[in-house]
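Read-outs throughout are calculated quantities, based only on the coordinates presented, and are distinct from any laboratory measurement. What you see is a predicted model; the values in this text were computed from it and never measured. When we count neighbours, we look across all protein chains shown, and the Cβ atoms used for this are built from the backbone with ideal geometry, even at glycine.
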Amino acid sequence: MRKIALITGATSGIGKATAETLASHGYDIIITGRRTDLLNSLAETIKNDTGAEVVTLTFDVRDLNLVEKAIDSLSGKWADIDLLVNNAGLAVGIEPIHQGIIDDWERMIDTNIKGLLYISRKISPRMVARKSGHIINVSSVAGHEIYPNGAAYCGSKHAVKAITKAMRMDLLPYGIKVSSVSPGMVDTEFSLVRFKGDQVRADNVYKGLTPLYANDIAETILFIATRPATVNIEDMIILPTDQASTRDFRRR
Ligand code: NDP
Ligand code: 8X3
């Protein structure tokens, strides 16, 4: 029987690639995000390309009410999610602490931390009841290191690391796996969002080096999800060859 995976933030980047990859490897999938048109076109592509069944749910992970309504709308086989990929997230702005834009901080904290908690709170009880499931949180190298002008984003991803570890302890008695994946620089809409639509600044992030691509992370998520039942990957940190830390890059 095909397993069910729910991927948050599947309209773009890592989430989209993960949805496509999991659908090609035996999962029926629930894809979520705020942009309904992108979810619908991805659903059509995946159905045609892989034959997987796909459900789309449009909601903002920051809105607890919407999260609850969306997950409550799942019925039948879709209510029993085998794999949750907590991927929705973003960086906004890059300022030193004394010039930080409060609204940017709120967006990052509400999405990367509270959104991940809301979704996990809503989906984990059925995993507990079935004593089965796997949650993979998309963290970041910024959850292991810090860099100047990144207090709020790095703080949010350090929080994801702590939450992942605590979730693993809480869900241990039920045999539920909790893992994370911690990418370095991946070429997605991430930088365009961070620089609020400034394409030139976004392109400069990847200039002169070869970043990771969304598929690199999707394949890693598939690897983590498909280990034997007795094996749980705690975390995988993945960097481009052209990156040594959050601050060291080889540009040519
Ligand atoms: P993208 O901007 O390409 O994708 C982000 C996804 O998150 C989109 O599908 C977006 O969907 C969704 N999202 C953002 N905010 C919300 C929200 N409030 N409610 C629901 N969905 C939301 O970036 P990436 O693919 O790069 O990012 C995915 C994850 O990977 C993030 O958690 C990011 O922090 C992490 N990451 C990224 C790295 C990188 O260099 N790219 C490196 C390390 C980690 P929509 O806009 O439709 O809501
Ligand atoms: C994204 C990687 O280094 O831009 O999480 O914060 S970084």
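Assorted remarks:
- Filter result for the condition that a residue is among the polar types (S, T, N, Q), more than 14 Å from the chain's Cα centre (by Cα) and within 23 Å of Glu20 (Cβ to Cβ), over Ser191, Ser245: Ser191
- If the condition is being under 20 Å from His158 (Cα atoms), within 14 Å of ligand 1 (Cβ to nearest atom) and touching a strand residue (DSSP E or B) at 6+ places or on another chain (Cβ under 8 Å), then the stretch 174-194 contributes Ser180, Val181, Ser182, Pro183, Gly184, Met185, Val186.
- Residues of the stretch 122-147 that turn out to be surrounded by fewer than 18 Cβ atoms within 10 Å (Cβ to Cβ) and either hydroxyl-bearing (Ser, Thr, Tyr) or within 23 Å of Leu239 (Cα to Cα) (or both), as a count: 5
- Meets criteria (away from ligand 2 (no atom under 16 Å from the Cβ), free of Cβ contacts under 8 Å to residues at least 60 places away in the same chain and not charged (D, E, K, R)) for Ile123: no
- Of all residues in the stretch 195-234, those satisfying the criterion of being among the aliphatic types (A, V, I, L, M), under 18 Å from Ser182 (Cα atoms), in a helix (DSSP H, G or I) and within 14 Å of ligand 1 (Cβ to nearest atom) are Ala214, Ile217, Ala218, Ile221.
- Conditions (1) away from ligand 2 (no atom under 13 Å from the Cβ); (2) more than 20 Å from Thr11 (Cα to Cα); (3) surrounded by 17 or more Cβ atoms within 10 Å (Cβ to Cβ); number of the one not met by Gln243: (1)
- Residue selected from the stretch 144-153 under the condition in a helix (DSSP H, G or I) and under 17 Å from Phe195 (Cβ atoms), by the criterion nearest to ligand 1 (Cβ to nearest atom): Tyr153
- When Ile119, Ile101, Ile94, Ile81 are checked against the criterion of being loosely packed, with under 15 Cβ neighbours inside 10 Å and of a type in the set (Val, Ile, Thr), a single residue qualifies: Ile101.
- Matching entry among Ser191, Ser180 (being among the hydroxyl-bearing types (Ser, Thr, Tyr) and free of Cβ contacts under 8 Å to residues at least 24 places away in the same chain): Ser191
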